[in-house]
1. How do 346-355, 327-336 rank on mean C-beta neighbours within 10 Å, highest first?
2. At 1.4 Å probe size, with no ligands or nucleic acids counted, give the accessible surface of residue 218 in Å², nearest ten.
3. Order of 77-84, 88-95 by packing, highest average Cβ count within 10 Å first?
4. Pop out the ³J(HN,Hα) list for the stretch 91-101 in order, Karplus 6.51 cos²θ - 1.76 cosθ + 1.60 with θ = phi - 60°, rounded to Hz; leave Gly and Pro as x.
5. Between residue 70 and residue 304, how many nm apart are label points set 7 Å from Cα along the C-beta direction?
6. Rank-order 169-175, 101-107, 123-129 by packing density, defined as the average count of other C-beta atoms within 10 Å over each peptide's residues, highest first.
7. Can you send over the carbon and sulfur percentage of the accessible area for the stretch 83-146, probe radius 1.4 Å, protein chains only?
8. What distance in nm separates the simple spin-label points at residue 178 and residue 377, each placed 7 Å from Cα in the Cβ direction?
Amino acid sequence: MDHGLGDVAGKVTTLKRNRQLSLMAVLATLVSALGIVFLTQGSAQAHGVAMSPGSRTYLCYEDAKTSTGALVPTNPACAAAVAQSGTTPLYNWFAVLDSNAGGRNVGYVPDGTICSAGNKSPYDFSAYNAARDDWPRTHLTSGSTIQLQYSNWAAHPGTFHVYVTKQGWSPTTPLAWADLVDIGSSTNPPAVGSPGADGGHYYWDQALPSGRTGDALLFIQWVRSDSNENFFSCSDIAFDGGHGEVTGIHNGSTTPPTSQPPTSQPPTSQPPTSQPPTSQPPTSQPPTSMPPVDGDCMAMYSVTNSWSGGFQGSVEVMNHGTSPSSHWTVTWKPGDGTQISSLWNGVLTTSNGNASVTNAAYNGTIAPDGNTTFGFTANSSSGINLPNGSITCTFS
């Protein structure tokens, strides 16, 4: 059914959540100045965006990655976004979120800000709303069925609502809700890979509309069923007979990822507002067992001071679960040429270039919506004071 999102305005029930976000609001204003990196593992927040077709933040992150851990985009749209907002949003490519959306979209998120979750994320994703035609793009075939892959950076129940722009939409015009039509949804789809890992993702089959040509944008709103937090994902695509090829990264193109072999079908999903087109049974299946989700741990890494040859860092460990923690562990790989020289309020171990910090005897218990902080100093011959890759935060 080809219904515009404008037709469903007012039909979404507004939910309210009593959650303290004052700390996050303050920290969001300090991101650019302090070099904050916010990363998570577990069920704390269901961070994620589309990985195939890749979202703007995900493909810009892939384009910008270097062997040293620094992010240096080659795509002009990605480079402009970094020039405007810095690299912090790219290190947190999976966190385009609104903690209070509660399934709302039309009339709640302003036109022109859809790709940044209405600018309500803890990070400045506003640059990824830019109306331009040189974002990284995935090439698809109209009328085909594709496997959508959506990062499961943290696992949570919920429904993925899928939309695509109408025929004739131009990427050089700001995205509006009236430009989008509903093409389907999936509730609690299967997943492969570990939560908190760059490659872990949910997946389901999605039928694409027929009779389409030219540039388009695929938008997904992930509505969690266990909280008001929603995630917003914008993927630039082209209906040109492609089979998942990606252009606009690394000064060239790449082949689409290989999907998992099938063994079972994903659960039946409910449409958000209208009946989606009938899709084929999935061509891939989840593995026979999944790694456990090991808590509600969230960690925020920030650089609080720096000097020639070194810096001081701080990591806030937060509990966004419903029960107190007993023990926590935060692990990351420091940037090339970086070595931690001292650490307080935690116990440091290093192995194979990774730093792992567990709680001290007095701060392992964190109450729900509570937090604790450890700090450290580091020597750096390279000047890189941010982690090389992802950080994990777990409770045990």
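The values are calculated or read from the model by the stated rules, or taken from the named source; none is laboratory data. Small disclaimer: the values here were computed from a predicted structure and weren't measured. Don't worry about glycine lacking a Cβ; one is built from the backbone with ideal geometry, like all the others, and counts go over all protein chains shown. Side chains included, ligands, DNA and RNA excluded: accessible areas come from the protein's heavy atoms. Shrake-Rupley method; radii C 1.70, N 1.55, O 1.52, S 1.80 Å.
1. 327-336, 346-355
2. 0
3. 88-95, 77-84
4. Residue by residue, the stretch 91-101 yields 5, 10, 4, 8, 10, 7, 9, 10, 6, 10, 5 Hz.
5. 2.7
6. 123-129, 101-107, 169-175
7. It is 45 percent, rounded to a whole number.
8. In this crude label model, residue 178 to residue 377 measures out at 6.0 nm.
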